[in-house]
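Everything on this sheet refers to the single structure shown next.
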Amino acid sequence: MQTISTYLLERVGLSVEERAGRLQSVNSSFSDWLAQKGVTDPNTAAGEFESETPGGGGRYTREVVDVDGEYAEELILRERANESQEFVTRVCLIGSQDKVSVYASVSASNINTKISPRPTNGRCPAVLRDVIRRHGDWELNDAALPSGKPQHFYDTDGGIEVCRIILSGQRKFPLVLVSQQRGEFVWDALDRKIASDLVGLGYVSTINEEAAKEVSRRLGRKFACFDGAVRIYWPSGGTALDQMASSVWTPERMLESPIHSNAEDRFRSLLRYRVMSAAALSISEPPEISAAFRAQARKRLADLHRTASDSAEAWEIANSLVSDLDAAQRKLVEITAELSMERTRAENAEAQLEYARNNPPANESDAHAGVDDELNDDEAQDDIAPGEVIYYKKIYSTPNHDVMRRRGDCGHNRWTAAHSADKAWKGVEKLEGRDDWQSFHHCDRCDGGGMWKVVW
Ligand SMILES: [Zn+2]
């Protein structure tokens, strides 16, 4: 089992009625979610449903305890992700004194033991989006929860303001800054898409070119973000600039992708992975959840003591306690395994942070360090099927022809027919050893005009 991401939403200072209303509302979000999954009666304690993935399926368990004014609800949903993995989403709702919290974890679990790298393209569970959408006042650690919408900063004043937020020692969430180049983001609506990807986990802000200049002036080149770049500023303990951890992606790196992939999807999933794995290491389960379930077990024992004359009921309760013990035992094994994995990942994350501190990238990225292999692995040219679409990037030019390499789709949608592109035509012909393509288009949005789409 591998935790992909965790979430924690809190709301404190609620009156008795407000607390009851909030618990009710989140509880109905849980039910709506199950109903959307195809569960006919979401209020039953366990059930199954058909999965969107053919041949897959899903099942859930739902448990509520309400003891002495402490409320806890746990919903665990297991869905088959592919033939070797299932996704486990666990959402918990806790009402304790004047506080309501929602905790969620998304994990991937192997169906059969296999030692291989596992793709874990995590997303925020729909149920959590719904809970955040219904109430705009969730917090974590006294900080407003990222709402899923970007905030925009313009010109010098905006630059000053965004620097204040970046440097604030009070900030609890990562901030992702999205800059513009000639009034555009690298992809249309990139800011909104990233903000939605990182709902509950990271703030997303945009800056125009003037604001970006101010950011460079104030933070220096080492922490600048301009010309379409995207940068993560992790929260830091102090306000000293040199203690801040940060990574940046330039448009050039963002647009780079291996063949048969889409650069935009790839970049977004990389960014999600970065923020989600940090969240998985930082947000832990509130102790109130297991406390409430333990309190319930204790209460049932006390009841048993009073009514022990009824042996059938006593047997039933004892039996259910043994099942609880079994479940706890299984969970312990899972958690121990997970802990050793988390420890390794924590060490890796520390090493990465250390590396980032010692090698401050000047509007340049360390982010693709592990991905470059993947780019090179894909270089082997295979046979081209009729009708196949292949993307090419100009690597450099010679006096006669361009030197081309296969690439993934840049993710732009501004292809124009290339009627006179002798050097590009010759480049592709040289690379593929043939020139019988059906169409030859050029991306107007990619910088330098070096991106081509060829239908064979
Ligand atoms: Zn393009």
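Scanning the range 437-456 for residues that are part of a loop (DSSP other than H, G, I, E, B), within 16 Å of the ligand (Cβ to nearest atom) and in contact with a strand residue (DSSP E or B) (Cβ under 6 Å, 6 or more places away or on another chain) yields Asp444, Gly450.
For the range 141-192, filtering for residues that are part of a loop (DSSP other than H, G, I, E, B) and buried (at least 18 other Cβ atoms within 10 Å of the Cβ) leaves 10. Would you confirm, using the coordinates I've provided, whether Ser269 is over 29 Å from Val67 (Cα atoms), of a type in the set (S, T, N, Q), touching a Gly at 6+ places or on another chain (Cβ under 6 Å) and not in a strand (DSSP E or B)? For Ser269, the condition - over 29 Å from Val67 (Cα atoms), of a type in the set (S, T, N, Q), touching a Gly at 6+ places or on another chain (Cβ under 6 Å) and not in a strand (DSSP E or B) - is not met. Applying the condition of being under 38 Å from the mean Cα position of the chain (by Cα) and in a loop (DSSP other than H, G, I, E, B) to the range 394-417 and asking which residue is farthest from the ligand (Cβ to nearest atom) yields Gly408.
Has the range 283-292 got any residue that is free of Cβ contacts under 8 Å to residues at least 12 places away in the same chain, out of contact with any helix residue (DSSP H, G or I) (no Cβ under 7 Å at 6 or more places or on another chain) and assigned to a helix (DSSP H, G or I)?
First pass over the range 283-292, keeping only residues free of Cβ contacts under 8 Å to residues at least 12 places away in the same chain: 287, 290.
Then drop every residue that is not out of contact with any helix residue (DSSP H, G or I) (no Cβ under 7 Å at 6 or more places or on another chain), which leaves 287, 290.
Then keep just the ones that are assigned to a helix (DSSP H, G or I); that gives 290.
Among the residues of the range 283-292, at least one is free of Cβ contacts under 8 Å to residues at least 12 places away in the same chain, out of contact with any helix residue (DSSP H, G or I) (no Cβ under 7 Å at 6 or more places or on another chain) and assigned to a helix (DSSP H, G or I), which makes the answer yes.
Sort through Ala126, Ala143 and tell me the only one that's modelled with pLDDT of 90 or more, over 30 Å from Arg300 (Cβ atoms) and in contact with a helix residue (DSSP H, G or I) (Cβ under 9 Å, 6 or more places away or on another chain).
On the way: Ala143 fails: in contact with a helix residue (DSSP H, G or I) (Cβ under 9 Å, 6 or more places away or on another chain).
None of the other options fit; the residue is Ala126.
Got at least one residue in the range 427-436 being within 16 Å of the ligand (Cβ to nearest atom), at pLDDT 65 or above and surrounded by fewer than 16 Cβ atoms within 10 Å (Cβ to Cβ)? No, that holds for no residue.
When the range 13-49 is filtered for residues that are part of a helix (DSSP H, G or I) and more than 20 Å from Leu77 (Cβ to Cβ), the ones remaining, listed by number, are Val16, Glu17, Glu18, Arg19, Ala20, Gly21, Arg22, Gln24.
For residues in the range 404-426 being among the hydrophobic types (A, V, I, L, M, F, W, C) and closer than 17 Å to Pro258 by Cα, which is surrounded by the most Cβ atoms within 10 Å (Cβ to Cβ)? Step through it out loud before you land on a result.
Filtering the range 404-426 down to residues among the hydrophobic types (A, V, I, L, M, F, W, C) leaves 404, 410, 415, 417-418, 421, 424-425.
After this cut, where a residue has to be closer than 17 Å to Pro258 by Cα as well, the list is 404, 410.
Values: Met404: 25, Cys410: 27.
Only one residue tops the list, namely Cys410.
The values are calculated or read from the model by the stated rules, or taken from the named source; none is laboratory data. Please read all numbers here as calculations on a predicted model, not as lab measurements. All Cβ positions, even for glycine, are placed from backbone atoms using ideal geometry, and neighbour counts span all protein chains on display.
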